[in-house]
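Trainee: Let me begin by handing over the structure; questions about it come next.
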Amino acid sequence: MTSGRIRSAFVVIDGEEEALETIITIPPDGGWGWVVMVSSFFCNMIADGLVFMFGVYLDDISKTLRSDPTSVANINSAMTGVYSFAGPFASALTNRYGFRTAAVVGSLIGCAGYLLTSQTIEIWQCYLTHGALTGVGTGLLYVPSIVVVGFYFEKWRALATSIAVTGSSVGMIVFPVIINFILTDYKWSIHFMVFGALFGLCLIFALVYKPLEPVRIEPTVERRVTFDLSNMPSRYNNASFPTNAAVYNKENMTFIPLKQESSETIYSGTISDSSREFASGFFSRLAFSSRVHQMSRERNISKCAACCRLCCRRKVRMKPVSRPFYRDDAFYTGSLAILPDYKKSQLATQRNVYEKSAIDYHISVTRTATAADLYAKHHACACCPDSCRRVLVTMLDLSILKSIPVLLVVFSGLFTTAGQYIPFTYIVPRSTQVGINDMDAKMLISIMGIANCVGRISSGILSTIPAIDPCCLTAVMLLIAGAATLSCSVSNTFWYQSLTCAIFGFCIAGPVSLRSVIIVELIGLSRLTSAFGLCLVFLGIGCFAGVPLAGFFVDMTGSFDYGFYFAGGVIVLSGILLIPVKPIAKKYPQTVEFLK
């Protein structure tokens, strides 16, 4: 145990009983959150915006590396694939070390990737520096930058998240302008050095991701609750752990701020004198407990492998930290107002400092954690602590693919990603091939960015209208985006290409904005993290496969049009896959009910 207080909730894993900690974080819904939102906006603008610029440099890089443009395009394909594959691992590290640390490390790695890429002279070097290093850095920066906004907002969550993610679209708008009017006289290696410096700026923005102080939930009525996970096949899956609401009834809770200098109970259903005594004496007992644990930890260090003795010597924290990915809604980017749990919580009577917060909702979506996890206590080996293991097991849970509707959504995402990066990669060389001047060709990316920005906001607003089904809306947008891509060769004038780029940019925003909303409507909030994690893996497969396959058709025919035909075809296929999702879920409810 971490302290001398009486524990009333326990979990049994592999035959060992561990105390459960019940803590939640309450979004301030403003204040410093707006600063976090702006920082997230700029991180997305730089990290995502630069991803879409690689196609501008295909000819220049191919000359330096003595290779063909389609082979060079595969480098960025590898980068986006690594970027997506890194998602679950970035989430695990964010859960363990916090938003700020993960984003800072990602900024440094991404910065190094761009700077080293500018010095490469062989294509294999570019695969290592840009494909691997920049991909990992972008993934480590992107995940915390997206998720952190949701932890600072409740009522304004959908608005704040929408503004933050439109940074990606603004990056598409801004960087072609910078390239055309500021860096036009410099070679590509200088451009990549500038990009590395810009990526390094994300470190400054990442420092803004200040962790929120969690609040502990304490029982005011003494009772013992034990949850046995030993016989569960996925005992480290987040969904296997009880929520705070499952551990205690709200009427028997008291909420205590986890600040050493504060001992007052700030909200209570039924406040007892013993709760006040606990609040005043908890940290002195915790200090004593830490000394006792230090002796037992020294004995465990001798059992550690040489590679992990350093991590075994980490100190026990004096107070628990927040584990952001123990919340079921970590990846939810839609409006909380449309969630059933949130609607119920708004009907409950709120008191004191929580009167503006749907406290019941936060209790019901936050999973418990063991005391050893929250206090960073280590056993014999801590190379993969519980805070990382739980996230990885949850996000890589293949059992969720047993649901046909979920499987269709996941494969739709794979085909969407396989097609969506192809126009961004080949629009400039294709446009110059058909006679459009270089400056106008680069501006087509900005046009896609403007339309994409409008599309993200519009799709988010439309998804909140009860009469509009997000899954059907996404399917329609994908079908239109695919059709626009297929029709690229109808006319090679700049204005027609601008029109098709605008339609594509607008419609391709739908899947990005609505994916989490579709998943929650299908299988509920409790399995969102699992479904989203597998989506990231399949998106990575799409990234790895899409551009190289398009390049194969380009090399075989000598025309970029066939690469666009391939892109349009797979995007249309992704839209078709979404059409039967809701009918199957309604006609055969057992295909989704077993996941709820």
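Values in this text are rule-based calculations from the coordinates and carry no lab data. Every value quoted in this text rests on a predicted model; they were computed, and no experiment measured them. FYI the Cβ positions are ideal-geometry reconstructions off the backbone, even for glycines, and counts take in every protein chain you see.
Trainee: Tell me, what ³J(HN,Hα) does each residue in the stretch 553-562 have, in order and in whole Hz, if you take phi through Karplus 6.51 cos²θ - 1.76 cosθ + 1.60 with θ = phi - 60° and put x for Gly and Pro?
Mentor: Calculated HN-Hα couplings, in order: 5, 5, 5, 6, 9, x, 10, 6, 4, 6 Hz.
Trainee: Further question: When the convex hull of the Cα atoms of the stretch 31-212 is projected onto a plane and the area is averaged over all directions, what value comes out in nm²?
Mentor: 9.7
Trainee: Suppose each label sits 7 Å from its Cα in the direction of the beta carbon; what would the C384-K63 distance come out to in nanometres?
Mentor: The two pseudo-label positions are separated by 4.8 nm.
Trainee: How large are Rg and Dmax for the stretch 397-596 when only the alpha carbon atoms are used, in Å?
Mentor: 17.5, 56
Trainee: Using the alpha-carbon centroid of each, what span in Å lies between the stretch 40-115 and the stretch 418-467?
Mentor: Spelled out, the Cα-based centre of one part sits 19 Å from the other.
Trainee: A further question on this structure: Going by how many other Cβ atoms sit within 10 Å of their own, how do I123, I571 line up, fewest first?
Mentor: Lowest to highest Cβ neighbour count: I123, I571.
Trainee: Further, regarding this structure: Could you please rank T417, T591, T425, placing first whichever residue has the fewest other Cβ atoms within 10 Å of its Cβ? Let's see the in-between values first.
Mentor: Values: T417 27, T591 19, T425 31.
With the fewest neighbours first, T417, T591, T425 line up as T591, T417, T425.
Trainee: Mind giving me the nanometre distance, one decimal, between the label points for C472 and S491, set 7 Å out from Cα along Cα→Cβ?
Mentor: Simple spin-label model gives 3.3 nm for this pair.
Trainee: Counting other beta carbons within 10 Å of each Cβ, put C471, C202 in order, fewest first.
Mentor: Fewest-to-most ranking of C471, C202: C471, C202.
Trainee: Using modelled amide H (1.01 Å from N, peptide plane; none on Pro or chain starts), what sits under 5 Å from the amide H of E154, excluding residues fewer than 5 places away?
Mentor: Those lying under 5 Å, H to H, from E154 are D29.
Trainee: Let me ask something else about it. Spelling out what I want: for every residue of the stretch 149-156, take phi, set θ = phi - 60°, compute 6.51 cos²θ - 1.76 cosθ + 1.60 (Karplus), and round to whole Hz; glycine and proline get x.
Mentor: Each residue of the stretch 149-156 in turn: 4, x, 7, 9, 10, 10, 5, 9 Hz.
Trainee: Mind giving me the nanometre distance, one decimal, between the label points for I576 and V454, set 7 Å out from Cα along Cα→Cβ?
Mentor: 3.0
Trainee: Then there is this: Rounded, prolate or oblate for the stretch 491-596? Axes are the square roots of the Cα gyration tensor eigenvalues, ordered a ≥ b ≥ c, and the cut-off for rounded is a/c under 1.5.
Mentor: prolate
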